[in-house]
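Novice: Just dropping this structure here.
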Amino acid sequence: MDHPTLRPRCGCIDIHTHVVPRDFPAYLGSRIGVPWPSMAQAQPCHRHVMISGKVYRTVPEQSWDTVLRRDDMDRIEVDRHVLSPMPELLSYWLAPDDGAVLSRYLNETLAQMVADAPARFSALGAVPLQDVDLATRELDHAMHVLKLSGVEIGSNVNGTAIGDPRFEPFFAAAEAWGAAVFVHPLRPTGMDRLVGPSSLEQVVAFPGEIGLAAASLITGGTLARHPRLRIAMSHGGGSIQALVPRLQFAWEATQALRDAIELAPKTAARMMFYDNLLYDAAPIRALIEMVGETQVMVGTDYPFAIMDREPARRLLSLELSEEATEFLRWRNAARWLAYDAV
């Protein structure tokens, strides 16, 4: 697909920001009890995301208001937001045809937000990955009709890791069409072992979940089969920093693993992109050391509660070279998005 030239002024490209539409269409399908999202009024400047009659999350108006979003971006030296749906809206638990309808609505909403300010926004759409054929068709529409930059997918699809062979046709299409793919934790494993409030899902369970997703792309051979796939892990890849050295050691020590896994795990890990949403300089530096300064990008989780509120200041705290800082600030993101950046 064709992309505009990207020439940041002085700020960052933030590749991890989320959107929730101000409203959703009514459910028009034939099923009963479908967990179809809707919106309800909350406190001033906020709305409740309702699923199955319960408040899933209360979100601020920056979730859909592009003017307020741009004002926030200007205050924190961010030139461009890469928009993606709030992950729960990927809705893999819906029947595939219902999921396709919701994905199309989300993608049209995202395309309109980009149209409101194309110099400030890019977007990654949704696909109903519970049905690979439907997902591939929606990816085609999102990229070639709506001109989105790619798609966001969950770390698992109803409990099946994204490295499973059943998703092979989707990743083949994403590679062939040059889609940027952004992987976000979704309904993480291990929730039954969390001790404390449910909000710890994002804080404690997400890192393990995204690490398992990244590892599945290595051990399942997705990256070996699709070397041109541009795929990015959110939340700094989570536990991937601990997993890759173990995988590499076992791969070198065990013939059975070398037979099963074509690419050396360290090599495969350096083929993926990662946001830097690790909240502290030390783990970000360790991530850069493991995967290289050309593979890490700025990500904040805007506009949600655990977002990194000072991404430009976070970059300065890393004390990188000027060239490496530019890679993280925008050049890596431009390459991931396949923009003609100069």
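Novice: Counting C-alpha atoms alone, how compact is the chain: give Rg to one decimal and Dmax as a whole number, in angstrom.
Specialist: Looking at the chain, its Cα Rg and Dmax stand at 19.1, 61 Å.
Novice: Separate question: Quickly estimate the mean residue ellipticity at 222 nm for the chain, helices only: each DSSP H run with n ≥ 4 gives -39500 (n - 2.57), and the total goes over all residues, rounded to 500.
Specialist: -10500 deg cm²/dmol
Novice: Of G208, H81, L320, which is farthest on the positive side of the dipole of the chain, counting Cα position, with +1 on Lys and Arg Cβ, -1 on Asp and Glu Cβ, and the Cα centre as origin?
Specialist: G208
Novice: Can you work out ³J(HN,Hα) from phi for every residue in region 221-238, in order, using Karplus 6.51 cos²θ - 1.76 cosθ + 1.60 and θ = phi - 60°, giving whole Hz and x for Gly and Pro?
Specialist: x, 4, 5, 5, 6, 10, x, 9, 5, 9, 10, 10, 9, 7, 6, x, x, x
Novice: Then there is this: Can you list the GluC sites (Glu not before Pro) in region 303-342 that are in a DSSP coil and have 12 or fewer other beta carbons within 10 angstrom?
Specialist: Those that pass, being in a loop and sparsely packed, are E319.
Novice: Go through region 305-316 residue by residue and turn each phi into a ³J(HN,Hα) via Karplus (6.51, -1.76, 1.60, θ = phi - 60°); whole Hz please, and just put x for glycine and proline.
Specialist: 4, 9, 5, 7, 7, 9, x, 5, 5, 4, 4, 4
Novice: Give a residue-ordered list of calculated ³J(HN,Hα) values for region 290-296 (Karplus: 6.51 cos²θ - 1.76 cosθ + 1.60, θ = phi - 60°; whole Hz; x for Gly, Pro).
Specialist: 6, 10, x, 6, 8, 10, 10
Novice: If you find the alpha carbon centre of region 246-281 and of region 27-83, how far apart are they in angstrom?
Specialist: 36
Novice: A further question on this structure: What residues have an amide H closer than 5 Å to that of T58, excluding those fewer than 5 places away on the same chain, when H is modeled at 1.01 Å from N in the peptide plane?
Specialist: Amide H neighbours of T58: V49.
Novice: As I understand it, the dipole of region 1-133 uses +1 on the Cβ of Lys and Arg and -1 on the Cβ of Asp and Glu, about the Cα centre. Which of H18, G29, A126 lies farthest toward its positive end?
Specialist: Towards the positive end, the residue furthest out is H18.
Novice: Same structure, new question: How large is log10 of I(q)/I(0) for region 84-163 at q = 0.11, 0.15, 0.18 Å⁻¹ when the intensity is taken from the Debye formula with one equal scatterer per alpha-carbon?
Specialist: For region 84-163, the Cα-only Debye profile gives -0.25, -0.46, -0.65.
Novice: Further question on the same structure: Just rank D131, D140, fewest to most, by other beta-carbon atoms within 10 angstrom.
Specialist: Fewest-to-most ranking of D131, D140: D140, D131.
Novice: Can you give the relative contact order of the chain as a percent, counting alpha carbon pairs under 8 Å and 6+ residues apart?
Specialist: Averaging sequence separation for qualifying contacts and normalising by length gives 18 percent for the chain.
Novice: Here's a follow-up. Which of the listed residues, L287, L194, L229, is farthest toward the dipole's positive end in region 163-309, when Lys, Arg count +1 and Asp, Glu count -1 at the beta-carbon?
Specialist: L229
Novice: A further question on this structure: Give the Debye-formula value of log10 I(q)/I(0) at each listed q (0.12, 0.14 Å⁻¹), with one equal scatterer per alpha carbon of region 236-342, two decimals each.
Specialist: Per q value, in the given order, log10 I(q)/I(0) is -0.47, -0.61.
Novice: Another question, if that's okay. Treating only the Cβ of Lys, Arg, Asp and Glu as charged (+1, +1, -1, -1), what charge dipole size does the chain show about its Cα centre? Round to the nearest 20 debye.
Specialist: 100
Novice: Roughly how compact is region 1-146, stated as its Cα Rg over 2.2 N^0.38 Å to two decimals?
Specialist: Taking N as the residue count of region 1-146, the ratio is 1.09.
Since every read-out is calculated from the coordinates, none of them should be taken as a lab result. Everything quoted here is computed from the prediction, not taken from an experiment. Virtual Cβ from ideal backbone geometry, glycine too; neighbours counted across all protein chains shown.
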